[in-house]
1. Suppose every Lys and Arg Cβ carries +1 and every Asp and Glu Cβ carries -1, with no other charges. What dipole size does the chain come out with about its Cα centre, to the nearest 20 debye?
2. Extension gain LEU125-SER55, at 0.36 nm per residue separation less the Cα-Cα distance, in nm?
3. For the chain, report the accessible area per residue in Å² (1.4 Å probe, heavy atoms, rounded to an integer).
4. Going toward the positive end of the dipole of the stretch 20-129, with +1 on Lys and Arg Cβ and -1 on Asp and Glu Cβ, which of THR21, LEU76, SER64 do you reach last?
5. How many nm separate the modelled label positions at THR75 and CYS9, each set 7 Å beyond the Cα in the direction of the Cβ?
6. Roughly what angle does helix 21-35 make with the longest principal axis of the chain, taking Cα atoms, 0 to 90 degrees, to the nearest 10?
7. Report in % the part of the accessible area of the chain that belongs to carbon and sulfur, leaving out ligands and nucleic acids; probe 1.4 Å.
Amino acid sequence: MTELRVRFCETDLMGVVHHATYLAYFEVGRVEWLRKRGITYPDWTARGAHVPVASAQVQYRAPSRFDDLLSIETTLTMLRAVSLDYSYSIRRAGTLIALGSTRLACIDQHGKLIRIPEGIRSALLSAEG
């Protein structure tokens, strides 16, 4: 679980968090999920791998506004040879704000699909550290 507070610059003219911002919130959740397992994005690149988002989905359930404290729950839902899927749940004081998912592809520096490096695969399957 990761918490963040909505910044004013993330809201639109109606005072509601802009819909595209939730993708950035998913990234915050994903980066912290990885960090809790001892993995950083530089760890991927040191092994010649990159993990761009290949697809994303968001379902909006309730608005969030400036200064709301949001909790992001991130779960690895599928680990394949060359990709991984995450699901996300964003809540404010127990109220469901958004659900979503992303698929990340493991690629080399030329954009060609490669297998997820074994050391990283092991860490992905580990419990939080």
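1. Values: 16 positive and 13 negative charges, 52 e Å.
The calculated dipole for the chain is roughly 260 debye.
2. Values: separation 70, 0.36 × 70 = 25.20 nm, distance 2.16 nm.
Full extension from LEU125 to SER55 adds 23.0 nm.
3. Values: 7160 Å² over 129 residues.
Accessible area per residue: 55 Å².
4. LEU76
5. Here the answer is 3.3 nm between the modelled labels.
6. Between the helix axis and the principal axis of the chain, the angle is about 50 degrees.
7. Values: 3990 of 7160 Å².
Percent of accessible area from carbon and sulfur atoms in the chain: 56.
The values are calculated or read from the model by the stated rules, or taken from the named source; none is laboratory data. Please read all numbers here as calculations on a predicted model, not as lab measurements. Note: ideal-geometry Cβ built from the backbone for every residue, glycine included; neighbour counts use all protein chains shown. The accessibility values were calculated without ligands, DNA or RNA, using every heavy atom of the protein model including side chains. Shrake-Rupley method; radii C 1.70, N 1.55, O 1.52, S 1.80 Å.
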